């Protein structure tokens, strides 16, 4: 005998309740946006604790991703921030004591997170190819060690040279370009030269001491 529509509806509801009781699924929430994908969320009466843990872990993961994004944004923002340091050209006025780096002849802009206390413009080819003629090099106010490149003033004349000092206190200013060793200068400890050190020039590598 054919079932009426009402009987069919009752049986469907009974089968649905039996299915939900057997599988533990109490509902399905479906969300459809612009006829694209359907997102289905299923949960169980018996898995409330698991669901809470899942949502908690999901929130922690989202917070972690958010923090990473914010950190990347902040890092990128810092990289674009700049600061100004004094730029020294080729000529300087000699004065008593240490040179005043705040009264440079110009200004030079560098990234905020980059090391650097002053900048100098190289003149001549005695330090090529590492410090080309006309290039701007960054320095820090640190005393140079043997083999470092330093910016120094000797009797009012400015030099950017590799620094070597022997056990007697003699100071040797060496050109990295050994074809221009005629530009080397020696400051004898027994002499009366006035030597002022501006600081150490930052280089990508340390250079071996010259043998000549």
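Read-outs throughout are calculated quantities, based only on the coordinates presented, and are distinct from any laboratory measurement. Quick caveat, the model's predicted, so the values are computed rather than measured. Glycine gets a Cβ as well: all are built from the backbone with ideal geometry, and neighbour counts include every protein chain shown.
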Exercise. So, in nm, how far is label residue 157 from label residue 14 when the simple model puts each one 7 Å beyond its Cα toward the Cβ?
Worked result: 11.2 nm
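Quick check on packing: order 129-139, 193-203, 60-70 by the mean number of other C-beta atoms within 10 Å, highest mean leading.
On the way: 129-139: 15.5, 193-203: 17.6, 60-70: 10.0.
Highest-to-lowest ranking by the protection proxy: 193-203, 129-139, 60-70.
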Problem set entry | Residue-span extension gain [residue 110 to residue 87] - 0.36 nm each, minus C-alpha spacing | 7.2 nm
